[in-house]
Amino acid sequence: MISLLSKIGGRTIDSVWRIGSIMRFFMLVLANSGTSFSRFGLVRREIFFSGVMSLIIILVSGLFIGMVLGLQGFETLQKYGAEETMGVLVALSLLREMGPVVTALLFASRAGSAITAEIGLMKATEQLKAMDMMAVNPIARVVAPRLWAGIISMPLLAALFSAMGIFGGYLIAVLMVGIDSGVFWSNMEAAVSFRYDVLNGFVKSVVFGVAVSVIATFEGYDCTPTAEGVSAATTRTVVSSALTVLLLDLILTAFMLRGL
Amino acid sequence: MDRKTIDLWVGIFVLLGLLALGLLAFKVGNLGGEREAKLYRVEARFDNIGGLKLKAPVKSAGVLVGRVKGIHFDNIKFQAVVDLELYERYEFPKDSSASILTSGLLGEVYIGLEPGGDDKKLVTGDRIKLAQSAVVLERLIGQFMLGKASEAPAASSVTK
Amino acid sequence: MRYFLKYPLNPAETKNLVEIANVDFAYGKRAILKGISLNVPRGKVVAIMGGSGCGKTTLLRLIGGQLTPTSGTLRVDGQNVADLDQAGLYSMRRKMGMLFQFGALFSDLSVFDNVAFQLREHTNLPEKMIADLVHMKLNAVGLRGTANLMPAELSGGMARRVALARAVALDPALVLYDEPFAGLDPISLAVVGQLIRHLNDALGATSILVTHDVMESLQIVDYLYFVSEGKIVGEGTPDEIRASELPFVKQFVHGERDGPVPFHYPAQDYAKQLGLPK
């Protein structure tokens, strides 16, 4: 019994310690971000590998989720004769929650794990040490551009996800169910507020982008420099990112609720 | 994967992303739709505002002409005081009436403005004299029950 | 340029490029190096030899400034490495080149870009001049034709040689080698050995080899140090070492099975374990 308690205590302390390490790492990367902006080509390259390469999965997922929201919503809305508000349902769900959250989860799985693996591999093959010995700061040259690329890509991907989702909802509503296109859009425009829905969703996606990017780069930089170490780190990135994003979503939503 | 190709794709990606953001903000979110108008304030007093909330629409003939800016309670006269902000380009006669209505059965609560016949127009600071309070469902049921109760004995007295 | 002014070369040039005096190093409680003192004279090739885990790679890291000694002084070109801040450390490293055990080439850059890396990061030379320098360095290691290949397409020996070209790209004053011969076939081994010697003499540099390849080292170096369990147990010129009667050196050089480094890992009595009567 005692050993179980001390084990739990030990694990908790380790987790808190780790969070502290991640924060310190984040500060370190921010401090070394000068090169990322003076040589923006480095960041551009990383935006390509994180953002552009994630486009397909984001656009397709967005479309599918929008369509599913439309289909699911239709069944319930029909009972109250409110099918015409399907656009409102789809738009609000996507802009406030699904867009930022699902995009963050997909981004963590695809781009985040790739970043962790890349940095981890460079650590395992001593490339980071070699760079350090050549008087080039590996944090500035390798880590920071990847962090900033993630922060820039996430909001853009979330917006694309939401836009595709709304289009998916439109397809279901207008082409399948037969709702009048004008009614669909006007209902949506009336119900969606820029400040509460679009802007809040954008803020969420930025916050999630920071969280996922910090976790991905940290796990790569901090991993045990062996093959198993890199593999474990990639798994940790996806899991930690998912949990962190959902937790942050809870906190942000609580703050953003109208009237609170 | 050379430099130029990467830069091209990144440029396309960023452009698409910004476009999506813009679309969401302006088309879907209706940003800038309501900002540009100038407003003037009038006041209306109700015995019961029902479910009226701040920022609720003010409509006349079904068209949005303003929004509810403030709701206060008059502790002396025990009435609800509602501040309305109307778009300057819509003028109403001084004897217009304001009613609290519900759009649809389960819809949102809004204020409907019915124009009067006065030549003089409402200006900032004026008060709308004619105000129709909200229909409270419980009162309605109560009235109905009362009506039914008073009907029955009268009918039996007639048959006697 | 700013860095050179801030940390000027020692005007009274010391005879030794690297001076290590009484250095201890420990990872937490585990002592790796105990009271190490050695000197590396300018222009010489010096080998630091010993079995695995004896602390020789740690020594290399200390010289490069990646680790700080727990006590003692370590000077490179008259400068105490532990005193340097980040900027000073980087400035010192620009005069050094290091060859890592398996090359550590940047996997996302081509051979050409790898060798050009330091030239592009630390100098403002025009691309044409950089290209010429890269080709010259690659030619010195015999791999000028691989310039457009990616590191993944190279064999182990070739990758090692490219890494060597990269290490000497800025004509450093001090070149550090971490197990340069590990895992190489006899031809590549001989080639790398000869390159180490030739480049050292051609550049007028000083080289430090950390290795356990005795035969090759004896052929190319000017001086050797033997490290065992964190201490220096022997040193000398190749001839002195070949003739040495010191137990550890003798066991190491002649590859003897038993000696100061025991064959048997400590275990209980053999007969007892097998249950045999005494």
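Scanning segment A:150-174 for residues that are over 17 Å from A:A114 (Cα atoms) and not hydrophobic (A, V, I, L, M, F, W, C), which turns out most open to solvent (accessible area, probe 1.4 Å)? Selected residue: A:Y170.
Results for (1) small (G, A, S); (2) assigned to a helix (DSSP H, G or I); (3) open to solvent by 20 Å² or more (accessible area, probe 1.4 Å), shown as yes or no for each residue.
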residue	(1), (2), (3)
C:A182	yes, no, yes
C:D201	no, yes, yes
C:V210	no, no, no
C:K250	no, yes, yes
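Filtering segment A:1-30 to residues that are open to solvent by less than 70 Å² (accessible area, probe 1.4 Å), of a type in the set (F, W, Y) and over 13 Å from A:R146 (Cα atoms) leaves only A:F25. Applying the set (1) closer than 15 Å to C:A47 by Cβ; (2) open to solvent by 20 Å² or more (accessible area, probe 1.4 Å) to C:V175 leaves exactly one unmet item: (2).
Would a scan of segment B:33-54 turn up a residue that is at pLDDT 90 or above, out of contact with any Gly (no Cβ under 9 Å at 6 or more places or on another chain) and over 27 Å from B:L137 (Cβ atoms)? No.
The residue that is most open to solvent (accessible area, probe 1.4 Å), among those in segment C:26-53 that are more than 28 Å from C:G204 (Cβ to Cβ) and of a type in the set (D, E, K, R), is C:K29.
Is segment A:129-149 home to any residue that is open to solvent by 60 Å² or more (accessible area, probe 1.4 Å) and in a helix (DSSP H, G or I)? Yes, segment A:129-149 contains a residue that is open to solvent by 60 Å² or more (accessible area, probe 1.4 Å) and in a helix (DSSP H, G or I). Applying a threshold of 6 Å to beta carbon distances and a minimum spacing of six or more residues, or different chains, the list of pairs starting in segment A:22-39 at a residue that is among the small types (G, A, S) and ending at one that is open to solvent by 40 Å² or more (accessible area, probe 1.4 Å) reads A:S36/A:W148.
Restricting attention to segment C:73-123 and to residues that are touching an Asp or Glu at 6+ places or on another chain (Cβ under 6 Å) and open to solvent by 20 Å² or more (accessible area, probe 1.4 Å), the residue that is farthest from the other protein chains (Cβ to nearest Cβ) turns out to be C:R75. Of the helices (runs of 4 or more DSSP H) entirely within segment A:85-125, those holding at least 2 residues that are more than 14 Å from chain B (Cβ to nearest Cβ) occupy A:99-107, A:113-124. Selection of segment A:31-82 for residues being crowded, with 20+ Cβ neighbours inside 10 Å and of a type in the set (D, E) yields only A:E46.
Count of segment B:106-160 residues, restricted to those that are at pLDDT 80 or above, open to solvent by less than 100 Å² (accessible area, probe 1.4 Å) and over 30 Å from B:E91 (Cα atoms), is 5. A single member of A:D180, A:D197 is in contact with a helix residue (DSSP H, G or I) (Cβ under 7 Å, 6 or more places away or on another chain) and either touching a residue at least 24 places away in the same chain (Cβ under 8 Å) or more than 22 Å from A:I56 (Cβ to Cβ) (or both), and it is A:D197. Scanning segment C:25-60 for residues that are assigned to a helix (DSSP H, G or I) and over 16 Å from C:D213 (Cα atoms) yields C:T58, C:L59, C:L60.
The values are calculated or read from the model by the stated rules, or taken from the named source; none is laboratory data. As the structure is a prediction and not an experimental result, all values here were calculated from the model. When we count neighbours, we look across all protein chains shown, and the Cβ atoms used for this are built from the backbone with ideal geometry, even at glycine. Side chains are part of the model used for accessible areas, which takes the heavy atoms of the whole protein and leaves out ligands, DNA and RNA. Shrake-Rupley method; radii C 1.70, N 1.55, O 1.52, S 1.80 Å.
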